[in-house]
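Asker: Structure provided below as structure tokens; questions to follow.
The values are calculated or read from the model by the stated rules, or taken from the named source; none is laboratory data. None of these values were measured; they are calculated from a predicted model. A quick note on method: Cβ atoms are made from the backbone with ideal geometry, for glycine too, and the neighbour counts reach across all protein chains shown.
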Amino acid sequence: MILCDKFYIDGAWVDPIDPSPFPIMNPATNSQIGTVSLGTRADVDRAVAAAARAFESFSKTSKEERLALLRRLRDILEARNEEMAQAISQEMGAPLSMAREEQAACGIAYAEDFANILEALEDQEELPNGDVVLREPIGVCGLITPWNWPINQIAQKVMPALAVGATCVLKPSEYTPLSAALFAEIIHEAGYPAGVFNLVFGNGPSVGSALSTHPDITMMSFTGSTRAGVQVSKDSADTIKRVALELGGKSPNLLFADCDLEARVTASVQECFHNTGQSCNAPTRLLVERSCYGKALEIAKHAAETQLLGDPAQEGAHIGPLFDQMQFDRVQAMIQIGIDEGATLLAGGLGKPEGFEQGWYARPTIFADVHNDMCIAREEIFGPVLVMIPFDSEEDAIAIANDSDFGLYAYVQTGSKSRAYRVASSLRAGAVAINGHATAYGSPFGGYKQSGNGREGGKFGLEEYLEVKVMPSLDQLADDGCFSQP
């Protein structure tokens, strides 16, 4: 049994004040592989106090010092990438190849990216009016991350905070503690000063709320469900914290008849099922031009029926199980809703795939003839479930795509460059992928509407952790004779 029974606070692994054991499960076998101790408000108080003490000195470190730490962090992440991949595969069911090449590897990429951005960042600039703007670290940050892309989200929050000289307390998902504990080990090995980074395991109502309401935390960054994001915002309001939210999605994928139909429909289905559909930006609404709708259904059905499933401990391009019974039950309930709503079940359906009865595997499912007012077209399912909706015109497609509470990501498939730009510019989403080309590391990630506020990644993500101060130019004041001494 793996034990995650300590928290990383003030540069050391310490016992919880009042430990509460919680099982760590392997979703492929539905068996317990370890135990994590969940914390309380008292543990958060201890971690925040450490971060506040560390901020006094760490906020004054030079950019060169912080760059050296970040690059050391990157090197250790690369050296321990296989350990990270194994941890993620065990705790949330990502197939090993994908866990190694995408889930774990993103930490390395973000460390490299943030180092390059920090190196180019000017902490001082002169405005056209002669005043000077200073950029300073915001303070102690509370960071809450999810289970579906555990290191991806930890990296996008912890790294920019530490890069600019802020300090932090991380509450990772209690369901994926192995990767978070390993990340804390790597932070320690990289040589970050005590108290700069702190880790407390716990659930949302206890540790998450304690962070959001804490008077000594100046910023909250949260990734998770829209419902939980609303609560973080409410909890943070009394102390006027900055709040950055990356929430849910129901990403539209607009497919026009002038694209390479076979390639783009197949890739669209595969992208929806990637990570077993457990990605907030998954293209789960496939909007298809009516003139090619029938052919697209045939291609999509074949893609779903040939989608490989397998043991996440094995190498390969297969998808794994859903992350736990709670998620499995939700996906099953949403599939039943789709059937009850009268959508055409093109592939998959209820139950587990043959030969995968032990873990939380779901059948890759496609619904056709869906209307945008159906529940399955509006709610985030977070599983390998695709809905297909026909449209008649470009304007119709844009209207359907934008008729959503969410606006995190969108996708366009077309053979026309002018249409790609025109449609992408009209979509109310934080990012748009075109013909299989997604946005890259270094670009901002975040959404419109109920998909959140703020941005993660790149220069925009770094600036989330900075305050802006303005003052007159001291050189100009000196030239005007305002000072008696140099």
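Asker: So which residues in region 332-368 are in contact (Cβ under 8 Å) with a residue 60 or more places away in the chain, in contact with a Gly (Cβ under 9 Å, 6 or more places away or on another chain) and under 16 Å from Thr284 (Cβ atoms), if there are any at all?
Answerer: Scanning region 332-368 gives Ala362, Pro364, Thr365, Ile366.
Asker: With the requirement that a residue be out of contact with any strand residue (DSSP E or B) (no Cβ under 7 Å at 6 or more places or on another chain) and under 13 Å from Ile376 (Cβ atoms), what does region 339-355 give you? Please lay out each step first, then the result.
Answerer: Our first condition is that a residue be out of contact with any strand residue (DSSP E or B) (no Cβ under 7 Å at 6 or more places or on another chain); within region 339-355, this holds for 340-342, 350-352, 354-355.
If the condition is that a residue be out of contact with any strand residue (DSSP E or B) (no Cβ under 7 Å at 6 or more places or on another chain) and under 13 Å from Ile376 (Cβ atoms), then Asp340, Glu341, Gly342 are the ones that fit.
Asker: Looking at region 190-227, which of the residues that are modelled with pLDDT of 95 or more and under 17 Å from Tyr448 (Cα atoms) is surrounded by the fewest Cβ atoms within 10 Å (Cβ to Cβ)?
Answerer: So, considering only residues that are modelled with pLDDT of 95 or more and under 17 Å from Tyr448 (Cα atoms), the one surrounded by the fewest Cβ atoms within 10 Å (Cβ to Cβ) is Gly224.
Asker: Shifting gears a bit: Restricting attention to region 235-249, which residues are surrounded by fewer than 21 Cβ atoms within 10 Å (Cβ to Cβ) and closer than 14 Å to Gly139 by Cβ?
Answerer: Listed by number, the residues that qualify are Thr239, Ile240, Arg242.
Asker: To continue, here is another question. Checking the structure you have, find out if any residue of region 335-350 is under 27 Å from the mean Cα position of the chain (by Cα), small (Gly, Ala, Ser) and surrounded by fewer than 17 Cβ atoms within 10 Å (Cβ to Cβ).
Answerer: No - not one qualifying residue is present in region 335-350.
Asker: Also, I was wondering about something else. Could you pull out the residue among Ala410, Ala431, Ala438 that is loosely packed, with under 15 Cβ neighbours inside 10 Å and closer than 29 Å to Ala111 by Cβ? Give the derivation first.
Answerer: Details: Ala410 fails: loosely packed, with under 15 Cβ neighbours inside 10 Å; Ala431 fails: loosely packed, with under 15 Cβ neighbours inside 10 Å.
Of the residues listed, the single one that is loosely packed, with under 15 Cβ neighbours inside 10 Å and closer than 29 Å to Ala111 by Cβ is Ala438.
Asker: Kindly indicate whether Thr306 is surrounded by fewer than 22 Cβ atoms within 10 Å (Cβ to Cβ), under 21 Å from Asn275 (Cβ atoms), among the polar types (S, T, N, Q) and not assigned by TED's automatic domain parsing to the domain that holds Met98.
Answerer: Details: surrounded by fewer than 22 Cβ atoms within 10 Å (Cβ to Cβ): yes; under 21 Å from Asn275 (Cβ atoms): yes; among the polar types (S, T, N, Q): yes; not assigned by TED's automatic domain parsing to the domain that holds Met98: yes.
In short, yes.
Asker: If you check every pair at least six apart or on different chains, which have Cβ atoms under 8 Å apart with a residue in region 125-144 that is surrounded by fewer than 19 Cβ atoms within 10 Å (Cβ to Cβ) first and a residue that is at pLDDT below 95 and of a type in the set (Gly, Ala, Ser) second?
Answerer: Listed by first residue and then by second, the contacts come to Glu126/Ser473; Gly130/Ser473; Asp131/Ser473; Val132/Ser473.
Asker: Continuing with the same structure: Report the residue count in region 384-442 for those that are under 27 Å from the mean Cα position of the chain (by Cα) and part of a loop (DSSP other than H, G, I, E, B).
Answerer: Summing the residues that are under 27 Å from the mean Cα position of the chain (by Cα) and part of a loop (DSSP other than H, G, I, E, B) in region 384-442 gives 18.
Asker: Residue under question is Gln332, and the condition is that it be buried (at least 17 other Cβ atoms within 10 Å of the Cβ) and under 20 Å from Leu308 (Cα atoms); does it hold? Spell out the reasoning first.
Answerer: On the way: buried (at least 17 other Cβ atoms within 10 Å of the Cβ): yes; under 20 Å from Leu308 (Cα atoms): yes.
For Gln332, the condition - buried (at least 17 other Cβ atoms within 10 Å of the Cβ) and under 20 Å from Leu308 (Cα atoms) - is met.
Asker: I'm trying to understand the selection: among the residues of region 459-486, which are among the small types (Gly, Ala, Ser) and in contact with a Phe, Trp or Tyr (Cβ under 8 Å, 6 or more places away or on another chain)?
Answerer: Within region 459-486, just Gly461 meets the criteria.
Asker: Does at least one position in region 275-288 carry a residue that is closer than 22 Å to Val423 by Cβ and assigned to a helix (DSSP H, G or I)?
Answerer: No: region 275-288 contains no residue that is closer than 22 Å to Val423 by Cβ and assigned to a helix (DSSP H, G or I).
Asker: Restricting to region 75-130, name every residue that is small (Gly, Ala, Ser) and in contact with a Pro (Cβ under 8 Å, 6 or more places away or on another chain). Show your work before the answer.
Answerer: Keep residues of region 75-130 that are small (Gly, Ala, Ser), which gives 79, 85, 87, 89, 93-94, 97, 99, 104-105, 107, 109, 111, 115, 120, 130.
Selection gives Ser89, Gly93, Ala94, Ala99, Gly130.
Asker: Still on this structure, please answer the following. Taking Ala377 as meeting all but one of (1) among the aliphatic types (A, V, I, L, M); (2) within 24 Å of Ser451 (Cβ to Cβ); (3) in contact with a helix residue (DSSP H, G or I) (Cβ under 7 Å, 6 or more places away or on another chain), write down the number of the exception.
Answerer: Here Ala377 clears every test but (3).
Asker: Please indicate, with yes or no, whether at least one residue in region 194-207 is free of Cβ contacts under 8 Å to residues at least 12 places away in the same chain and not β-branched (Val, Ile, Thr).
Answerer: Looking for residues that are free of Cβ contacts under 8 Å to residues at least 12 places away in the same chain and not β-branched (Val, Ile, Thr), one finds at least one in region 194-207, hence yes.
Asker: Among the residues of region 259-266, is there at least one that is at pLDDT 95 or above and assigned to a loop (DSSP other than H, G, I, E, B)?
Answerer: As a first pass, look at region 259-266 and keep what is at pLDDT 95 or above: 259-266.
Now narrow it down to the ones that are assigned to a loop (DSSP other than H, G, I, E, B): 259-260.
Scanning region 259-266 turns up at least one residue that is at pLDDT 95 or above and assigned to a loop (DSSP other than H, G, I, E, B).
Asker: With the condition being touching a helix residue (DSSP H, G or I) at 6+ places or on another chain (Cβ under 9 Å), of a type outside the set (Val, Ile, Thr) and crowded, with 17+ Cβ neighbours inside 10 Å, I'd like the strands (runs of 3 or more DSSP E) fully within region 1-69 carrying at least 1 qualifying residues. Even if it seems obvious, please write down each step before you answer.
Answerer: On the way: elements: 2-4, 7-9, 12-14, 20-26, 31-38.
Those strands (runs of 3 or more DSSP E) span 2-4, 7-9, 20-26, 31-38.
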